[in-house]
Structure formats: C-alpha cells, structure tokens
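Engineer: My questions all concern the structure below.
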Amino acid sequence: MSHTVVIYAHPYPDRSRANRVLFDAVKSLPNVDARPICDLYPDFAIDVEAEQAALLRADLIVWQHPIYWYTVPAMLKLWWEKVLTHGWAYGDGARVLSGKRCLWVTTTGGDASAYDEGGMHAHPFSVYEPVVRQTARFCHMHWLEPLIIHGAHRMNDEQRAAYATLYRERLGAR
Amino acid sequence: MPALQQAFIYFAVAVVLVPLGSLLGLGSVLGYLIGGVLIGPAVLGLVKGGESIAHFAELGVVLMLFMIGLELDLRRLWGMRRQVFGGGTLQFVACGAAAALLLLAFGLTLQMAVVGGLALALSSTAIAVQTMNEQHLDKTPVGRTAFSILLFQDIAAIPLIALIPILGGAGGGHSEGGLGALKGLGAIVGIIAVGRYLTRPILRFIAKTGLREVFTAFSLLLVLGIAELMEMVELSMGLGAFLAGVLLASSEFRHALESDLQPFKGLLLGLFFISVGMTIDLGLIADEPVKVIGLTLAFLALKLGTLRLIAGRLGVSTSQRWLFAALIAQGGEFAFVVFKAAAEAFALPPGDTTLSLLTVVVALSMAMTPFILILHNRLFERHGKKASPEEAVEDEGASVIIAGFGRVGQIIGRFLFASGVKATVLDRDPDQIKLLEPFGYRVFYGDATRIDLLEAAGAARARLLIVAIDDPESSEMVVERVREHFPNLEIIARARNVGHYAALRRLGVKTVERETFEGSLVLGRKALEALGCPPFEARESADAFRRSNVRTVEDLLTHWDDPDDEFVALANQARRALEEQFEIDRKSLEKRGIKGWHFDPEE
Ligand SMILES: Cc1cc2nc3c(=O)[nH]c(=O)nc-3n(C[C@H](O)[C@H](O)[C@H](O)COP(=O)(O)O)c2cc1C
C-alpha cells in the first residue's frame, strides 16, 4: 500500500475555514503521515533530518496550504529551502525523490472569476502555478493534477464536505 | 645600614626614576639602571653591599622565568625544541667566536678570550624580556625566537661556568663529577614530581579556603623553594623556576598565580636592574674612557652584526632581523658570574683590570639596550606602527571570556564551544573548575572582579566578555571595572532580575538578558498550547509580549532605584499599555478572515 506524507502549512490552523476541514479529513487516514509544519516548527527551526526521513518513506508527497501573496506561505517556502537540499533532492546526481508523486492542494481567497483575464488578480491562476510545479519537477518528482480550490471564504458546509471527499479520494481513500 | 633605610632608597628610586624613564620613552629598565648608578658606590654611595643585594634581586629574574614558564605549556615548549637547541647553539657559537676574536685582538690569552667570548655571547634575559613585554613583542614570532635563544643560553651557561676551572687550570675547582650531575638530575625530577602532582591539589585546597594572602604566600614559597633547591645542586635557579612554571601552565591556577606574583616580580626585577646599575664602575670609565667605551661599542657592533647575519637562519622574517639583533645584543647577567669564576680560576695578577673592564662593558651594553631599540625604531620607523599582519600577535585563541561558570555560564560556554568558539572561563569555585577541566575548557580559578586576573585572562585582547555571574553585586562590580579599564571590550551580561537588568543597562551594557525571562516565556507558550492555542500563534504572542515588556523596562531604566510616584504611574501606565496591546493583538487575530486578504472585496 502506498504511503503518503502531507506537508501542511497554515500558521493559524484554528482560524482556518477551508484548509482545516480538508486537513482534518485526511490527517488520520492509515498510511498518511500528517505534518502540520507551522505547529511542529513555530520558531521556524525545521528539523531537516526528520522531514527528509518522512519524505523518503512516502510515495506521495502532498503540499497543502492557503495561497498567500500568490504563492506558498513563508513557512512552506522555508521548508523548501531547508529540506530540499543540494545533493539530496537535486543536483550532483541526487535522485532520492525521483518518481515520487507530488500533489499540490491549495485554497485561494478569490473565487475563480477573480483569476479571470480582467479579474482583480489580472491573470489566470495557471500563471502562478509554475513555481510550485517546477520545484517538484526539479527534484525529479512526478507532478499530479493539483487540487486548487477557489473562493475559500465563501464555501458552505456542503461544498467543504465535497472537497474533503475529493481530497480523500485523491489520496486513494474512499 | 638599617634595612628599612635601604628599602626606602630603593623604593624612592623606583618611584622617581622609573616613571621619568618611561615618560622620556626610555623604558623602565633604563630608569632602574640609572637609579642604580646614582645610588651606587660610584656616585652617591647611598647603599653598600651591592653584591648581597644583587643576589637577593636575582629572585626577580627567577620569578620572571617562572612566569614565562606559566605562559608556555609542555606542548608549546616541545614545539620550540628545535629553535631552542638548534638556533640556540648557532647563536652561542657564532656570537661566542666573534667576541672571542675581538678579545684576542684586544690582547687576551686564547683561553681567556674563549671564556670571555662565550660569556659575552650570552644576553640578558631580564632586559630582553622586560623590553619585549613593554613593547608588546613577547607574543610575536620575533619575540618567540628571541626567547628560545635566551632559554638556550640559560641552559648553556651552566656547563660554561663549570668549564672555567678546567680551562683556567689554576684552582682545581670542586668538581664533583658524576655525583653533581646525579644531584642535578634528582632535583629536576623532584621539581617535575612536585609541579605535576603536588602543587595543584595544594593550590586547590588553599583556593577553597578563600584566603587570598595564603594563596600568594604559597606561590612565593613555591618559587623560592625551587630557587633554593636549584642553588643547592648548583643549577640555574631561573631554569628550575621556568620548569615549574611550564608544569603549571596548563593548570587552572595559572592566571591567579600570574596576577599574584606580578607585583613581586616587577619590584624584584627592578631591584635587579638597580643592582646591575650599581656594578657600573664609573671610576674605571673615567680612568680609561676610550678603552671602555671603545670596547663596548666594538662589542655591541660585532654582536649586532653577527645576530643580524644569523637571524635569517633562525627563521626571523626579513623586516624583523635588526629588531631581533637589537633585542638580544647586550651582554647578560650570567657574564658577571662567569667573570667572577674566571677571576679565581685564571689566577690573574693583582691589579689586572681585564675582568672588571669586561664587567663594565657588559653592564654598559645592558644599559645601551633601550637606546639601541630607540635608534632602531627611528631608523626603521616602527614606532607607533602596528606589526604587519603576518607578524601580528599570536593570539592564544580565546577571544571570548566568560566570567562565572554556573548554570548560565555553562550553557553559554558549552554552546560556544560546540559552535567552535573557544572561551576562557573564570570562576571562583575550584570544585566547579575541576569538574570541567577534563572537557578541555580553558578554565581558570579566580575572582573576575579582579582586574589583574581579567588582564591575565586576556581582557585587553579579547573581543567579548560574557558576565554570567549570578550575584548582582559582583556582576555590577565586574562591569564597572571592565568599563573603566577596558573601555573597548564589548560586554554581554546575565541579569538576575529586572533591578539587576536596569543597573547593568545603566552601566552601559548594551546586551543584557534576564536569566529567567526566555525560559518563562517558553513555559507561557506551552501553557497557551496546552489550552488549545496553536504553537505558531503562541509563539507570536510571546514575541509581542517580549517586545512590549522590554520596551517598558527600557523606558523605566532611570526610575528603577528609587520608585517615586512618577515611577509607579509609569509602571501602571505600562501595565495598562500591555493590556491594551494584548487586546489589540487578540482583536487583530480574531479579525482574520473578515479583513484584508481574508475578506472578499467583491461581496
Ligand atoms: C497574508 C495573506 C495573503 C493572501 N494572499 C492571497 C492571494 O494572493 N490570492 C488569493 O486568492 N488569496 C490570498 N489570501 C487569502 C487566502 O488564500 C485565504 O484566506 C485562504 O486560502 C483561506 O483558507 P483558510 O480558511 O484555510 O485560511 C491571502 C491571505 C493572507 C492572510
């Protein structure tokens, strides 16, 4: 059975309206190693060895977070910088993450129309995607179709439940 | 003459002439020497019995060598062996041969010329080292080379003196042969055994009693005992003391010994220089000025030249070779002993002034040292300039001093050590220090409020002093004194509580940390987390609390000692401000989701 690690970056998890429901839906699944990195490392003192070990055990690596300023929150950015090291994740023939699948799960405040050509964010959301995708690919990971949830502020309970189910399915659970 | 009166005269010389010498840029040595000439038989004739004084004053040299030993542990000494024996032999033979030729030309017999030449090859450890210290050359490569040579001379002087009766052939001497050597060996083994195994427990025991004068008394006893022992077996007192110093160099008491013996060494060494000054026979100079001065200058020129020539082979860098020569060109105190022995051994006819002439030449050459150096500095414009990087002072490695090695100091020390920063540690609890020694710390016993101890620990060169003493009173005292004596030394301090924090800040310490503050904040965070607050947010609350608290304390710094009405008002206001601040923090956190990015403006 495949093993999943969920790297979850939310600095205020108890104030979350979208991500919390999603994370709660997957965190106790069997074969899921749920790692809420803002809770684990509130001082930004990331335990690189522990994180790398967790990645090595997984076949599926999930990055889950709200979109902050068109990209990942600072905590996840720092996690990239510290954990995806040269000679381990990339460069010098390093291929430890090679072939592992990478799933991006993210929520945005703006709804889909805000990311229209003339919308408030001026560009379609796909413009903001390549940084994340290329980070995964540069580390030789296999990029899966991301789970992007727009309009996270205006979701009702039903929608939330539907996304939670979808998320669980993407992790291979029923 | 009553001892009191004598002592008065010596101290008067020290107090009047030495500062004068220093002020004129001639250094303390010359001040003492001139003082000696003045009060000696040649001029004022204030004191008699110069010889017995000279003997007593030799203790100054003994103490000096002990203290040099303290700065050189066995490992270092071993590392110097090639320079000491190889370089030392070269210098001794080369300068000896040159001086012997000079003496031959001067009309001495071959045997006399050889003995005299070798005696003139010796330099004055006392003058050279004192001068190097004053000019801060002692830890530079030139200083080290010069010292290696001086060390070898101390060793070489012994067989030289033993050889004189044989060369002289007159008095058969009192050669004990094998027995003497055996005795000498026994004494050295004794010193090693005592130095290694006995002194440290005793010092530790005395340190624990906290009686400082007993500690000082024991230090003196130790050095005097060694000197006595060495004299009994007819070995160099200085050499024995040096050895004892080396054995204690790696001990935690090194700095305490150094600072306790320092004033004694200084005064006795001064006395020694005075006694050298007294041997300068002005009468002889007046009788035969050309001869005396001519010979002195010829000797100095020859030795300077020879030293300059061999300096390269001794590894002295090009720019420092003249300096090296100038430092050790003078004749040495051992020459006096050699000449005295020679006077007996060679059975010179009465009225022969050769040896007293040589004695005066050596004494004059010693007195010339400061002038030669001044001349050197003028010519090479070294004055006031710092040594170039490659010749820069060899640092002992520790640029951080930790005063106080209790709960706080230990954590800082271990952390720095782990980060590759070597710190010198001072603590006044000998048990504490004994505990830490095996871990390879540079730990020293002593009270950090003593400026001399801090000085010995390298405060003048250190980059940082960490005051981790728990007792607020001592801690403030250390800070006050350090700010006065080493104004450029940066200080980081541990504060026991807010009052102590305020006091240290007002003394000008920029970085002060209350010992319980961070730990308490962490516990506060854990409490919030236990109540369900996510860790990231708990940390942010602690950050906000810290910022506001520090600001409040900083605002109240001036009021901490006498809490007047204004203080109370300010404190209350600060408390209210903090509560308000928390209200704001809380609200701003709660508002997340409906404001800014959390609010969908299209609604
Ligand atoms: C600092 C910050 C920056 C944000 N930047 C963006 C952004 O660039 N684009 C966007 O669509 N939403 C942005 N948002 C809104 C969040 O993406 C949104 O609140 C989040 O996805 C909701 O998920 P949650 O309820 O789990 O926190 C931002 C929110 C914050 C707090």
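The values are calculated or read from the model by the stated rules, or taken from the named source; none is laboratory data. Treat the numbers as computed from the prediction; the structure is a model and nothing was measured. Glycine also receives a Cβ, built like all others from the backbone with ideal geometry; neighbour counts cover every protein chain displayed. Surface accessibility is based on the protein's heavy atoms, side chains included, excluding ligands, DNA and RNA. Shrake-Rupley method; radii C 1.70, N 1.55, O 1.52, S 1.80 Å.
Engineer: Compute the accessible area per residue over segment A:4-170, keeping the other protein chains in place, probe 1.4 Å, unit Å².
Structural biologist: 45 Å²
Engineer: Next question. Can you compute the helix-only [θ] at 222 nm over chain A? Use -39500 (n - 2.57) per DSSP H run of at least 4 residues, normalise by all residues, nearest 500 deg cm²/dmol.
Structural biologist: -9000 deg cm²/dmol
Engineer: Before rounding to the nearest 500, sum -39500 (n - 2.57) across all DSSP H runs of length at least 4 in chain B and divide by the residue total; then give [θ] at 222 nm in deg cm²/dmol. Show your work: numbers first, answer last.
Structural biologist: Values: 26 runs with 401 residues, N = 603.
The helix contribution divided over chain B gives -22000 deg cm²/dmol.
Engineer: On to the next question. In the structure displayed, which of B:Lys139/B:Lys265; B:Lys291/B:Lys340; A:Lys77/A:Lys100; B:Lys139/B:Lys422; B:Lys183/B:Lys208 lie more than 28 Å apart, Cα to Cα?
Structural biologist: Details: B:Lys139/B:Lys265 19 Å; B:Lys291/B:Lys340 21 Å; A:Lys77/A:Lys100 20 Å; B:Lys139/B:Lys422 19 Å; B:Lys183/B:Lys208 36 Å.
B:Lys183/B:Lys208, as the Cα separations exceed 28 Å there.
Engineer: As an exercise, use a Förster radius of 60 Å and the Cβ-Cβ distance of A:His123 and B:Arg551 to find the FRET efficiency, rounded to the nearest 0.05.
Structural biologist: According to the calculation, E is roughly 0.90.
Engineer: Right, another one. Please list, by residue number, every one of the trypsin sites (Lys or Arg not before Pro) in segment B:238-337 that is coil in DSSP and has at most 13 other beta-carbon atoms within 10 Å.
Structural biologist: Here the sparse-neighbourhood loop sites are B:Arg313.
Engineer: Just to verify a number: FRET efficiency for B:Arg483 and B:Glu583, C-beta to C-beta distance, R0 = 35 Å, to 0.05?
Structural biologist: Rounded to the nearest 0.05, the efficiency is 0.25.
Engineer: To one decimal place, what Kirkwood hydrodynamic radius in Å is obtained for chain B from all pairs of distinct Cα atoms?
Structural biologist: Roughly 28.0 Å, rounded to one decimal.
Engineer: So how strong a dipole does the protein assembly as shown carry about its Cα centre when Lys and Arg Cβ are +1 and Asp and Glu Cβ are -1, to the nearest 20 debye?
Structural biologist: 1660 debye
Engineer: Same structure, new question: Run the quick spin-label model on B:Ser520 and B:Arg82: label points 7 Å from Cα toward the beta carbon, then report their separation in nm to one decimal.
Structural biologist: Taking the simple label geometry, B:Ser520 and B:Arg82 are separated by 6.0 nm.
Engineer: Find, among the chymotrypsin sites (Phe, Trp or Tyr not before Pro) in segment A:1-67, those assigned to loop by DSSP (not H, G, I, E, B) with at most 14 other beta-carbon atoms within 10 angstrom.
Structural biologist: Taking segment A:1-67 and a limit of 14 other Cβ atoms within 10 Å, the loop chymotrypsin sites (Phe, Trp or Tyr not before Pro) found are A:Phe44.
Engineer: Let me ask something else about it. Can you list residues from other chains, or at least 5 along the same chain, whose modelled amide H is less than 5 Å from the amide H of B:Asp429?
Structural biologist: B:Gly446
Engineer: Please state the relative contact order of chain B as a whole percent: Cα pairs under 8 Å, 6+ residues apart?
Structural biologist: Answer for chain B is 15 percent.
Engineer: Taking amide H positions as placed 1.01 Å from N in the peptide plane, with prolines and chain starts having none, which residues 5 or more places from A:Gly172, or on another chain, fall under 5 Å of its amide H?
Structural biologist: none
Engineer: Here's a follow-up. Please compute how much accessible surface disappears when A pairs with B, both sides summed, using a 1.4 Å probe, and round it to the nearest 100 Å².
Structural biologist: Summing both chains' loss of accessible area gives about 1800 Å².
Engineer: Considering only segment A:4-170, what is the antiparallel percent among its DSSP beta bridges, to the nearest 5? Let's see the in-between values first.
Structural biologist: Numbers: 1 of 24 bridges.
Bridges in segment A:4-170 are about 5 percent antiparallel.
Engineer: What percent do you get for the relative contact order of segment A:4-170 when only Cα pairs under 8 Å and 6+ apart count? All intermediate terms of the calculation are to be shown ahead of the outcome.
Structural biologist: Working: 257 pairs, mean separation 43.1, N = 167.
This gives 26 percent for segment A:4-170.
Engineer: Moving on. According to the Kirkwood expression over distinct Cα-Cα pairs, how big is the hydrodynamic radius of the protein assembly as shown, in Å?
Structural biologist: 32.8 Å
Engineer: Quick one: pull the percent of accessible area on chain B belonging to carbon and sulfur, 1.4 Å probe, ligands and nucleic acids left out.
Structural biologist: Heavy-atom surface of chain B belonging to carbon and sulfur, 1.4 Å probe: 63 percent.
Engineer: Something else: Note down the accessible area of B:Ser22, probe 1.4 Å, to the nearest 10 Å².
Structural biologist: 60 Å²
Engineer: I need the calculated FRET efficiency for the pair B:Leu211 and A:Val48, taking r as the beta carbon distance and R₀ as 51 Å, to the nearest 0.05.
Structural biologist: Efficiency, rounded to the nearest 0.05: 0.40.
Engineer: Right, here's the next one. Counting every Cα pair in segment A:51-113, what percent are over 20 Å apart? Mind dumping the intermediate values first?
Structural biologist: Details: 702 of 1953 pairs.
When all Cα pairs of segment A:51-113 are counted, 36 percent exceed 20 Å.
Engineer: Could I have the simple spin-label model distance between B:Arg75 and B:Gln262, label points 7 Å from Cα toward Cβ, reported in nm to one decimal?
Structural biologist: Spacing of the two 7 Å Cα→Cβ label points: 2.5 nm.
Engineer: Still on this structure, I have one more. Check each of the trypsin sites (Lys or Arg not before Pro) in segment B:476-567 and keep only those in coil by DSSP with at most 14 other C-beta atoms within 10 angstrom; list them in order.
Structural biologist: Those that pass, being in a loop and sparsely packed, are B:Lys510.
Engineer: Here's a follow-up. Using 7 Å Cα-to-Cβ label points, what is the B:Lys139/A:Ala173 separation (nm, one decimal)?
Structural biologist: For B:Lys139 paired with A:Ala173, the spin-label model returns 6.4 nm.
Engineer: Would you work out which of B:Phe545, B:Ile39, A:Leu84 lies farthest towards the positive end of the dipole of the protein assembly as shown, given +1 charges on the beta-carbon of Lys and Arg and -1 on that of Asp and Glu, about the Cα centre?
Structural biologist: The Cα lying farthest towards the positive end belongs to A:Leu84.
Engineer: State the extension gain, in nm to one decimal, for the chain segment bounded by B:Lys422 and B:Val498, taking 0.36 nm per residue of separation less the distance between their alpha-carbons.
Structural biologist: Residue separation times 0.36 nm, minus the Cα-Cα distance, leaves 24.4 nm.
Engineer: Hey, another quick one. Which value results when the Cα radius of gyration for segment B:395-515 is divided by 2.2 N^0.38 Å?
Structural biologist: Taking the Cα Rg and dividing by 2.2 N^0.38 Å, one obtains 0.96.
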